[in-house]
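Note sheet for the following structure.
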Amino acid sequence: MSKKITMADIAAELGISTVTVSKALSGQKGVGEEMRRRIIDLANEWGYQKNPAPQDGENYKIGVLIGSRYISRVDSFYGHMYQLFSAKAATAGSFTMLEVLSDEDEKDLVYPRLIGDGTVDAVVIIGALSEEYLDMLDEQMRTPSFYLDFADRKRNKDSVISENYYGAYILTNYLFDMGHTDIGYVGTVLSNPSITDRYLGYVRALMEHGIEVNRDWVLNDRSIDNDRVDIEKNLVLPKGKLPTAFVCNCDLAANRFMQYLKNRGYRVPEDISLVGYDDFVFAEGASVGITTYKVDMDEMVSRTLRRITHVLRGEKYRGGLSIVEGYLIKRDSVKDLTKRQGNKVK
């Protein structure tokens, strides 16, 4: 063959994924010996050579797939994540192609039109998509794919996520440290993996303080099958006693919940305290600065790009799930109940 042979060429010939070819050529586990021999034999027959290092002029075409519900706003969290991803890829000599997946195409299992097989060297999916859609991609896509900001236990994918569980655990414990014991949660549990993981971190903190979850204080911020935050449509305040504080699953939900409370005569933090998650634009730019858990978006993007490079070069590396830690940022949305008049803490 006159053209340069790629792993995608070998994968297409054998009817397998590029990831399988990469594992076989780099000696990694997860490939049967018979298939490994077939891959190596074909690679030798066709004269396959590993890609040179990036400083020698290497560049990749990376497709990015994002559900439209995640970037309905210009200043969306995932929109910013894509911008950072694209910039870092360009610095490394590669370029990206963004495809926004509509709700209808996701429901109807429409295969990506822009970044389909043969167009790009790798595909990054930012934000969880439906199980059915991910199943379809697994069946049809030979291009290696990577998950960013979500993971799926049924799929052996390289995934990079933030420390959702422990981050919410830290936030909830901060509220306890500030004297709060009646603590609710804002987020539709099971609507996506991140919200569920953060809820479980919240539950762990309650359990360690000997407090049971009050189901009336776990409030929905969106519908179970749609990731668009819609507080006015989905959230209903419980009748009777309200908690003194809420852990909100993200800064956007915290910001909108703050406005929701204000419209009903409650003040933050004087009446109700709030914490968010992400440290995105809504945390610092809100009417009251939101205490939050900062996501290290820069490191999440960098790890994903490194894994793509390892796979496309056929290098040996440690794959699977990678969790990126963040840290607590204290602002003004939490009232300190330990400093009560006549009982001040030194």
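Here is how the numbers come out for the structure above:
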{"quantity": "Only listed residue being modelled with pLDDT of 90 or more and farther than 26 Å from Arg228 by Cβ, chosen from Ala122, Ala92, Ala43", "calculated": "Ala122"}
{"quantity": "For Tyr202: the one exception among (1) in contact with a Leu (Cβ under 9 Å, 6 or more places away or on another chain); (2) loosely packed, with under 15 Cβ neighbours inside 10 Å; (3) not small (Gly, Ala, Ser)", "calculated": "(2)"}
{"quantity": "Given (1) within 23 Å of Val213 (Cα to Cα); (2) at pLDDT 95 or above; (3) part of a helix (DSSP H, G or I), number of the condition Ala253 does not satisfy", "calculated": "(2)"}
{"quantity": "Selected residue (criterion: nearest to the chain's Cα centre (by Cα)) from residues of segment 163-192 that are polar (S, T, N, Q) and at pLDDT 95 or above", "calculated": "Asn164"}
{"quantity": "Positions within segment 164-190 being assigned to a loop (DSSP other than H, G, I, E, B) and crowded, with 20+ Cβ neighbours inside 10 Å, in sequence order", "calculated": "Met178, His180, Gly187, Thr188"}
{"quantity": "Condition check for Arg340: at pLDDT below 95, surrounded by fewer than 23 Cβ atoms within 10 Å (Cβ to Cβ), within 27 Å of Phe85 (Cα to Cα) and not aliphatic (A, V, I, L, M)", "calculated": "no"}
{"quantity": "Matching residues in segment 129-150 - criterion: being among the aliphatic types (A, V, I, L, M) and at pLDDT 90 or above", "calculated": "Leu129, Leu134, Met136, Leu137, Leu148"}
{"quantity": "Answer residue from segment 262-282, given it is closer than 25 Å to Ile161 by Cα, modelled with pLDDT under 95 and out of contact with any Lys or Arg (no Cβ under 7 Å at 6 or more places or on another chain) and is surrounded by the most Cβ atoms within 10 Å (Cβ to Cβ) among those", "calculated": "Asp278"}
{"quantity": "Condition check for Arg222: crowded, with 20+ Cβ neighbours inside 10 Å and in contact with a Ser or Thr (Cβ under 6 Å, 6 or more places away or on another chain)", "calculated": "yes"}
{"quantity": "Count of residues meeting criterion [in contact (Cβ under 8 Å) with a residue 40 or more places away in the chain and touching an Asp or Glu at 6+ places or on another chain (Cβ under 8 Å)] in segment 192-225", "calculated": "3"}
{"quantity": "Pair list, Cβ < 6 Å and 6+ apart or interchain, from segment 120-144 residues that are within 21 Å of Thr96 (Cβ to Cβ) to residues that are part of a loop (DSSP other than H, G, I, E, B) and small (Gly, Ala, Ser)", "calculated": "Arg142/Ser17"}
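The values are calculated or read from the model by the stated rules, or taken from the named source; none is laboratory data. Source: prediction; values computed, not measured. Every residue, glycine among them, receives a Cβ derived from its backbone with ideal geometry; neighbour counts consider all protein chains shown.
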